[in-house]
C-alpha cells in the first residue's frame, strides 16, 4: 500500500522517514520528490488499505522539524 506525505522539511532523508515509521508498519521503499518546493515522500508499506489510511490520519497535521505534515493514501494505485 502507498502513502504520500507532503510538506516535509527540505533536509529530510529516506532513512529518517523509515526510522519514524518503523514502529507503525514495515516500510518497503521510499521515494522523495521535490517538485513543489518542499519534499514529498511516496512510501510503500506492507499493510492493508485500512491500516494505511489510519496511519495517514495519524501523520496528518503532525509537526515534524517545524513542518505541519500532510498525508493521504492515493485513491488509485499508480507508479
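No lab work stands behind these numbers, since they all come straight from the coordinates. Quantities reported herein were computed from a predicted structural model and do not represent experimental measurements. Positions of Cβ are generated from backbone atoms using ideal geometry, with glycine treated the same way; all protein chains shown enter the neighbour counts.
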Can you list the strands (runs of 3 or more DSSP E) found entirely within the chain that contain at least 3 residues being touching a residue at least 24 places away in the same chain (Cβ under 8 Å)? 2-6, 40-45, 70-72
Of the numbered conditions (1) at positive phi; (2) in contact with a helix residue (DSSP H, G or I) (Cβ under 8 Å, 6 or more places away or on another chain), residue 41 fails exactly one; give the number of that condition. (1)
